[in-house]
Amino acid sequence: MTTWEAIAMFLAIAYLLLAIKQSLWCWVAAFVSTLIYSIIFFDVSLLMDSALNVYYLIMAIYGWYSWKYGGKLQEVELKISSYGISKNIKIIIVLGIISISLGYIMDNYTSADFAYIDSFTTVYAIFSTYMLAKKIIENWIYWIAIDAVSIYIYIQKGLNLTAVLFLIYTILAFVAYKNWKKEYEYSRV
């Protein structure tokens, strides 16, 4: 799996770098990387991560469409926007409750490893991916937390290249947030 993990890692980094630049090609890199990671995570019993990557496959298609057409039938490029503090607090509470509930189910009724942590990263990643597809600036803040927590999981499962990838993701999410925030603030002037 090391070769496949390396290919997935390369494509995942390409995805994030292209997403920072708001290139549609990010979604193609995401699709292929995700397909590989779906299989890898299933093989190491990270069932929620594997399921998450199946979702990412669908979101790669949706993200490409959303960025290209603005989610409408007309050809309008999607612009960066914000949910604001109040909406983000509500999102965090709801996703937290869902994460704990799903973690309980995974811990008690499956063979999943790291059931609660894996559920947390999965639930928040599902919503953060949607936010990225809609160019909601706060998605990068969510990704910083998700990626940092994921590093621990992957080290524990012996997926060292993937742990390095998520360290890179964490750093690049900071860069992405800074870049998108600059563009967002400029567009509001």
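Computed over region 68-172, the Cα gyration tensor eigenvalues convert (square root of 5λ each) into semi-axes of 28, 18, 13 Å, ordered from largest to smallest. Excluding residue 179 itself, what net charge comes from residues whose Cβ is under 13 Å from its Cβ, given Lys and Arg +1 and Asp and Glu -1? Result for the neighbourhood of residue 179: +3.
Taken about its Cα centre, region 30-189 carries a charge dipole of about 680 debye when Lys and Arg each add +1 at the Cβ and Asp and Glu each add -1 at the Cβ.
On the basis of the beta-carbon distance and an R0 of 30 Å, residue 145 and residue 81 show a calculated FRET efficiency of 0.90. Using the alpha-carbon centroid of each, what span in Å lies between region 124-140 and region 15-84? Taking the Cα centre of each part, region 124-140 and region 15-84 sit 10 Å apart. Selection among 128, 154, 97 by position relative to the dipole of region 53-189 gives 128 as farthest towards the positive end (Cβ unit charges, Cα centre). Local charge for residue 82 was computed over the other residues whose Cβ lies under 13 Å away, with Lys and Arg +1 and Asp and Glu -1, and equals +3.
Taking amide H atoms as placed 1.01 Å from N in the peptide plane, list the residues 5 or more away in sequence, or in a different chain, whose amide H sits under 5 Å from that of residue 81. Under 5 Å from the amide H of residue 81 lie the amide H atoms of 136, 137, each far enough along the sequence or on another chain.
Its relative contact order, with pairs defined as Cα atoms under 8 Å and 6+ residues apart, puts the chain at 21 percent. Between rounded, prolate and oblate, where does region 1-60 land on the alpha carbon gyration tensor, with a ≥ b ≥ c its root eigenvalues, rounded for a/c under 1.5, else prolate if a/b exceeds b/c? Oblate, since a/c reaches 1.5 and b/c is not below a/b.
Its residue count N fixes a reference of 2.2 N^0.38 Å for the chain, and the Cα radius of gyration divided by that reference is 1.01. D by Stokes-Einstein for region 43-118, Kirkwood Rh over Cα pairs, 20 °C, 1.002 mPa s: 142 µm²/s.
Only the coordinates and a few stated rules stand behind these numbers; no lab work does. Here the structure is a predicted model, which is why all the values come from computation and not from measurement. In this analysis, Cβ positions are derived from the backbone assuming ideal geometry, glycine residues included, and neighbour counts consider all displayed protein chains.
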